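The values are calculated or read from the model by the stated rules, or taken from the named source; none is laboratory data. Since the structure is predicted, the reported quantities are computational estimates derived from the model, not experimental observations. Cβ placement follows ideal geometry from the backbone for every residue including glycine, while neighbour counts extend to all protein chains displayed.
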Amino acid sequence: MKIKNLPFSGKAFWQNNKAFIWFFLSLLLIHSVLKIVFYNYNYSLLFTGAEPTYSETSKIKLIKWSLLYDILIISGINVFLLLFLQAGRLLSTKISAWVVVPVFVLLNSFAVLLNLADVFYFRFHFQRANADLLYVLNHPFQQLFHQSIFIIVSFFAATIVTIALVWLLHKRFFSSFSKGRHCSLVTVMFLLLVGWAFMFKISFSKVLLPAYPLLNIKSSQLPVVQNSFHTFVYSVFRSGEEVKQKQYFTPEVCDSIFSLKKMLYTANTVAGKKNIVLFIMESVPYDFFDSASQFKVRMPFLDSLLQHSTFFCNAFGYTHESNKGITAILAGIPTLSDIPVYHSSFVNMPVTAVGSALKKNNYHSFFCIGDNYDNFGFAKCMNWLGIDKYYSKEDIPNYKNLPAHSMGLQDEYVLDFMHKKINAISQPFFAINYNVSTHYPYNLPAGFSIKFPKNYTEPMKSMSYYDHSLQQFFAAAKQEPWFANTTFIFCSDHWMFPQGVKGEYNAFSGYKIPIIIYDPSVNEKKINKGLASQFDILGTVLATAGYKDSVITYGRNLLDSNSISQFVFARPNSYLFQVTDSAYVLGFNVITDKAEYLFNYKKDEALKKNLLQDKNASAVLAKLTIQVKAFIQKAGSHYHSRQVK
């Protein structure tokens with residue numbers, strides 16, 4: 001007698017699992033299409049530190065890992081759907097229909113939408129979604145409704161279409177499932193094993209499971225294959241383990257290479273200490289100040305100010321995120337956690353809180369921004385650093401009727417408010433302005449109408465408006481008695497595409513920012529070609545105030561001509577650190593403990609020739625590797641210590 005359709009025969013297996021297989025493949029197709037869109041939209045950003053083009057073999061490897069990543073993510077989510085549906089057979093079909101299915105519709109929709117959002121957000125974050133998204137905006141929908149009608153409509157249309165499509169897939173699968181065409185126990189157990197193994201990083205095969213981090217490809221290629229749902233969930237739940245302590249050298253050797261605790265040269269030691277006004281410039285690249293760049297902006301005020309200031313033309317930012325930039329500038333330390341330090345469990349590590357330190361010299365301090373209160377967590381940051389007052393747009397009289405940018409009030413109104421607040425406090429003071437009008441999407445007030453050159457991009461236009469706002473502020477400030485005794489410092493929070501968000505990124509030029517120091521009592525034009533960093537701002541502020549105690553900082557005092565930086569550091573993403581000297585830039589993977597790229601940016605401006613295998617560059621490679629290792633070790637130790645030597 002011939003027995004047909006045994007439980008494990010091909011036909012029986014297909015019939016028992018047909019509905020789920022189609023459901024699974026449909027989700028895989030959606031995620032794969034998003035990967036293709038991501039790759040093409042961000043193509044120009046995916047080669048920094050990697051080979052200039054992908055070979056066929058490399059592309060096949062990326063496709064393999066991309067598919068495997070998505071398969072495991074979909075398995076990890078939907079194995080629970082299968083289990084709950086199976087349990088629903090024993091309890092209640094209504095529970096499955098009204099609870100289980102809707103919950104997984106939302107879960108799968110969230111996974112799809114997160115990957116969709118990363119197609120566009122990657123250009124601002126330079127890596128796939130992580131826990132930092134939870135701290136970027138406190139009022140996401142309020143910010144959304146300040147966008148253009150096209151962006152608003154596109155956002156809601158994409159959300160509705162995604163949820164509707166995912167709902168349809170779930171509905172069809174559940175319909176077949178409830179009619180008895182359920183999944184066999186073999187499939188459930190297999191998916192359970194794979195899903196849980198992936199979620200808990202139990203890698204029983206390097207080929208089968210790409211446990212984080214995926215070491216088979218370069219870090220610059222990771223965004224192509226990663227799934228945003230995984231990177232987000234992983235970063236949320238790894239907590240304090242995210243900052244690893246590296247031991248490349250003995251502590252004594254590391255201290256000799258990289259020192260954190262230092263005494264500053266202080267020029268202002270007499271009574272009547274300098275007032276300090278710090279302008280943190282949102283998304284302002286060096287390109288706007290570079291006369292050789294096609295993106296040089298005509299800035300009547302700032303161009304004039306540079307004739308009486310010290311301009312640091314080789315200054316660099318630490319990351320491409322505002323909440324990391326503000327920590328580098330005001331705390332003088334790097335952010336190693338995915339989330340801002342002032343939100344993390346490392347908030348109690350030793351730092352020199354600039355506000356508290358200045359209080360020792362009888363300074364009053366305040367922070368002023370035209371954004372919503374505590375957006376980006378800046379209010380928490382100021383509290384952490386001991387700044388006396390925090391002013392946001394809600395503090396500005398009649399703010400609801402003033403011209404607004406997508407991120408807050410337009411700069412001229414905020415600077416006018418800051419001027420009044422400065423007049424109301426006693427000297428010496430430390431005032432910080434964080435402007436918002438140069439932030440994407442660069443919308444300008446209706447009243448600002450000038451004829452821009454045809455080649456001006458939207459970011460360039462917004463910089464023209466910011467220059468106009470600064471001109472108004474300084475015109476009024478010059479009339480005040482405190483002006484002559486004030487040092488003004490300008491520093492960008494990070495580099496951003498001067499040509500707009502569809503621009504290209506370079507591992508060297510993509511971190512170059514402007515730093516300017518203007519002292520009316522000096523009134524001298526200087527161009528400093530030495531290396532400078534956001535980390536140097538803290539030391540410069542405290543030195544200007546005549547601060548005498550030791551300072552914990554990864555930077556120096558820019559006013560001290562005897563203190564010269566030979567290296568500056570940056571962090572392109574969570575697994576890559578970068579060190580730059582006067583001619584070379586090196587990228588170092590902290591996971592593999594290997595350099596990924598070395599470029600001579602003086603001779604190779606486009607960074608096309610990777611010198612890692614060049615024997616003539618071996619000495620430079622060794623020197624820069626030692627420096628970046630010392631930086632990583634010192635920073636990791638700092639995050640886990642209670643005292644700094």
**Asked** Can you spot a residue in segment 4-18 that is modelled with pLDDT of 85 or more, assigned by TED's automatic domain parsing to the domain that holds Ser175 and part of a helix (DSSP H, G or I)?
**Response** no
**Request:** Confirm whether Lys273 is free of Cβ contacts under 8 Å to residues at least 60 places away in the same chain, among the basic types (Lys, Arg), assigned to a loop (DSSP other than H, G, I, E, B) and over 16 Å from Ala532 (Cβ atoms).
**Result:** no
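Look through Ser228, Ser309, Ser219 and report the one residue that is surrounded by 21 or more Cβ atoms within 10 Å (Cβ to Cβ), in the same structural domain as His31 (by TED's automatic domain parsing) and touching a strand residue (DSSP E or B) at 6+ places or on another chain (Cβ under 6 Å). Reasoning before the result, please.
Details: Ser228 fails: touching a strand residue (DSSP E or B) at 6+ places or on another chain (Cβ under 6 Å); Ser309 fails: in the same structural domain as His31 (by TED's automatic domain parsing).
Answer to the selection: Ser219.
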**Request:** Evaluate the following for Ala328: is it in a helix (DSSP H, G or I), touching a residue at least 24 places away in the same chain (Cβ under 8 Å), crowded, with 23+ Cβ neighbours inside 10 Å and not basic (Lys, Arg)?
**Result:** yes
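Residue-by-condition table, conditions (1) of a type in the set (Asp, Glu); (2) touching a strand residue (DSSP E or B) at 6+ places or on another chain (Cβ under 6 Å); (3) under 27 Å from Leu46 (Cα atoms):
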{"position": "Ala570", "(1), (2), (3)": "no, yes, yes"}
{"position": "Glu596", "(1), (2), (3)": "yes, yes, yes"}
{"position": "Asn600", "(1), (2), (3)": "no, yes, yes"}
{"position": "Leu607", "(1), (2), (3)": "no, yes, yes"}
{"position": "Val644", "(1), (2), (3)": "no, yes, no"}
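So that you can scan it fast, the table gives a plain yes or no per residue for (1) touching a Phe, Trp or Tyr at 6+ places or on another chain (Cβ under 8 Å); (2) under 17 Å from Met299 (Cβ atoms):
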{"site": "Leu444", "(1), (2)": "yes, yes"}
{"site": "Ile450", "(1), (2)": "no, yes"}
{"site": "Lys454", "(1), (2)": "no, no"}
{"site": "Asn485", "(1), (2)": "no, no"}
{"site": "Cys491", "(1), (2)": "yes, yes"}
{"site": "Pro498", "(1), (2)": "yes, yes"}
**Request:** State whether the residues of segment 170-177 include one that is surrounded by fewer than 14 Cβ atoms within 10 Å (Cβ to Cβ), at pLDDT 85 or above, under 29 Å from Phe80 (Cβ atoms) and of a type in the set (D, E, K, R).
**Result:** yes
**Asked** Hey, Gln613 hits all of (1) within 19 Å of Ile217 (Cα to Cα); (2) within 27 Å of the chain's Cα centre (by Cα) but one; which does it fall short on?
**Response** (2)
**Item:** Members of segment 418-455 found to be closer than 30 Å to Ser365 by Cβ and over 32 Å from the mean Cα position of the chain (by Cα), listed by number
**Value:** Lys420, Asn423, Ala424, Ile425, Ser426, Gln427, Pro428
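Scan segment 380-390 residue by residue and report those that are buried (at least 19 other Cβ atoms within 10 Å of the Cβ) and out of contact with any Ser or Thr (no Cβ under 6 Å at 6 or more places or on another chain).
Across segment 380-390, the qualifying residues are Cys381, Met382, Trp384, Leu385, Tyr390.
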**Item:** Flag for Ala635 being in contact (Cβ under 8 Å) with a residue 60 or more places away in the chain, under 26 Å from Phe126 (Cα atoms), part of a loop (DSSP other than H, G, I, E, B) and of a type in the set (Gly, Ala, Ser)
**Value:** no
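Any residue at all in segment 237-244 that's at pLDDT 75 or above, out of contact with any Lys or Arg (no Cβ under 7 Å at 6 or more places or on another chain) and either closer than 19 Å to Ala111 by Cα or not in a loop (DSSP other than H, G, I, E, B) (or both)? Explain how you work it out, then say what you get.
In the first step, residues of segment 237-244 are kept if they are at pLDDT 75 or above; the result is 237, 243-244.
Okay, now just the ones that are also out of contact with any Lys or Arg (no Cβ under 7 Å at 6 or more places or on another chain), so 237, 243-244.
Checking which are either closer than 19 Å to Ala111 by Cα or not in a loop (DSSP other than H, G, I, E, B) (or both) leaves us with 237.
Yes, segment 237-244 contains at least one residue that is at pLDDT 75 or above, out of contact with any Lys or Arg (no Cβ under 7 Å at 6 or more places or on another chain) and either closer than 19 Å to Ala111 by Cα or not in a loop (DSSP other than H, G, I, E, B) (or both).
Consider Val297 carefully, then state whether it is in the same structural domain as Ala532 (by TED's automatic domain parsing), in a loop (DSSP other than H, G, I, E, B), in contact with a strand residue (DSSP E or B) (Cβ under 8 Å, 6 or more places away or on another chain) and among the hydrophobic types (A, V, I, L, M, F, W, C).
On the way: in the same structural domain as Ala532 (by TED's automatic domain parsing): yes; in a loop (DSSP other than H, G, I, E, B): yes; in contact with a strand residue (DSSP E or B) (Cβ under 8 Å, 6 or more places away or on another chain): no; among the hydrophobic types (A, V, I, L, M, F, W, C): yes.
It is false that Val297 is in the same structural domain as Ala532 (by TED's automatic domain parsing), in a loop (DSSP other than H, G, I, E, B), in contact with a strand residue (DSSP E or B) (Cβ under 8 Å, 6 or more places away or on another chain) and among the hydrophobic types (A, V, I, L, M, F, W, C).
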**Request:** Give the number of residues within segment 352-390 that are acidic (Asp, Glu) and in contact with a strand residue (DSSP E or B) (Cβ under 6 Å, 6 or more places away or on another chain).
**Result:** 2
**Message:** Just to check your reading of the model, which residue among Gly546, Gly539 is touching a residue at least 12 places away in the same chain (Cβ under 8 Å) and over 19 Å from Pro350 (Cα atoms)?
**Reply:** Gly546
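Looking only at segment 475-490, how many residues end up being surrounded by fewer than 21 Cβ atoms within 10 Å (Cβ to Cβ) and either closer than 15 Å to Leu415 by Cα or of a type outside the set (Gly, Ala, Ser) (or both)?
10
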**Item:** Residue selected from segment 553-575 under the condition at pLDDT 95 or above and of a type in the set (Phe, Trp, Tyr), by the criterion surrounded by the fewest Cβ atoms within 10 Å (Cβ to Cβ)
**Value:** Phe567
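Within segment 499-514, does at least one residue satisfy the condition of being among the β-branched types (Val, Ile, Thr) and either buried (at least 18 other Cβ atoms within 10 Å of the Cβ) or free of Cβ contacts under 8 Å to residues at least 60 places away in the same chain (or both)?
We begin by selecting, within segment 499-514, every residue among the β-branched types (Val, Ile, Thr); these are 501, 513.
Retained after the next criterion (residues that are either buried (at least 18 other Cβ atoms within 10 Å of the Cβ) or free of Cβ contacts under 8 Å to residues at least 60 places away in the same chain (or both)): 513.
Yes, segment 499-514 contains a residue that is among the β-branched types (Val, Ile, Thr) and either buried (at least 18 other Cβ atoms within 10 Å of the Cβ) or free of Cβ contacts under 8 Å to residues at least 60 places away in the same chain (or both).
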**Prompt:** Only one residue in Ser449, Ser464 is modelled with pLDDT of 95 or more and polar (S, T, N, Q). Which one?
**Reply:** Ser464
